[in-house]
1. Would you tally the net charge around Asp156, using a Cβ to Cβ cut-off of less than 10 Å, leaving Asp156 out, and scoring K and R as +1, D and E as -1?
2. Would you work out the charge dipole size for the chain about its Cα centre, treating the Cβ of every Lys and Arg as +1 and the Cβ of every Asp and Glu as -1, and quote it to the nearest 20 debye?
3. Starting from the amide H of Ser60, placed 1.01 Å from N in the peptide plane, find each other amide H under 5 Å away whose residue is 5 or more places distant or on another chain.
4. Take the chain, connect every pair of alpha-carbon atoms lying under 10 Å apart with a spring to form a Gaussian network, then pick out the residue of Pro105, Pro75, Pro135 with the largest mean-square fluctuation.
5. Among 197-206, 9-18, how do they line up from the highest to the lowest mean number of other beta-carbon atoms within 10 Å?
6. With the cut-off at 29 Å, tell me which of the pairs Lys52/Lys130; Lys52/Lys175; Lys117/Lys209; Lys52/Lys209; Lys109/Lys130 have Cα atoms farther apart than that.
7. Net charge within 15 Å of Glu50 by Cβ-Cβ distance, Lys/Arg positive one each and Asp/Glu negative one each, not counting Glu50 itself?
8. Tell me, Kirkwood radius of segment 1-47 from alpha-carbon pair distances, in Å?
Amino acid sequence: MNNSVTNTLRLLGAGLRALLVLTLVTGVVYPLVVTGVAQGLFGDKANGSEIKADGRVVGSSLIGQQGYGLDYFQPRPANGLGENSVNTQYKLILSGATNRSADNPDLVKWVKEARAKVVEENSTADYRVKPADVPADAVTSSGSGLDPDISPAYADLQVHRVAERNGLSVAQVQKLVEEHTEGRTLGFIGEPRVNVLELNIALEDVTAKS
């Protein structure tokens, strides 16, 4: 009987020591090491890839923003799924994707309406947008609905409107787009892209100086 109690206490002691060691290693040491490495080597990404303007954080290069006026470059549609019903204190719009089949009547209707809006908003006195020139990312949202980037084609389509509304030349605005166009990751992953927030910040700088 005494041996049984002793063995049980020994096992409990070993289990408790293992619990304390593993808690220290996985709950304290490992998170500190990972955080230290992330801050040391990838500080910008680890802190949310923040974008600053005039000394303050205005957003993240990873998350798209809505609500830009027509003086600015427009992002991809967000296709919000409605307001959240969990915490009604905050009226948050839930993001969503344009995930319908290609022949879905709702999708066809959304795309046609969105394309007509893009054509109307981006046509100017000297430049007429053709429906066939509207790229897919101008009328559909991404998988998350919060894509921060647009295609160079969609950015180019908006150049004339942005130039006209800001009193800039088309060449000035086109140069901004070219300067903020990123190529494929590692040269072969994904597609060329333009970060809308970064482009609009650069546009504000040019407009302020003109």
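1. Computed value for this residue: -2.
2. Details: 20 positive and 24 negative charges, 166 e Å.
With only Lys, Arg, Asp and Glu charged at Cβ, the dipole is about 800 debye.
3. Ile51
4. Largest GNM mean-square fluctuation: Pro105.
5. Details: 197-206: 18.9, 9-18: 10.0.
Highest-to-lowest ranking by the protection proxy: 197-206, 9-18.
6. Lys52/Lys130; Lys117/Lys209
7. Details: positive: Lys45, Lys52, Arg56; negative: Asp44, Asp54, Glu198.
Surrounding charge for Glu50 is 0.
8. 13.1
Every number in this text was worked out from the coordinates using simple rules, so none of it is lab data. Just so it is clear, the structure is predicted and the values come from calculations on it, not from any experiment. Cβ atoms come from the backbone with ideal geometry, glycine included; neighbour counts cover every protein chain shown.
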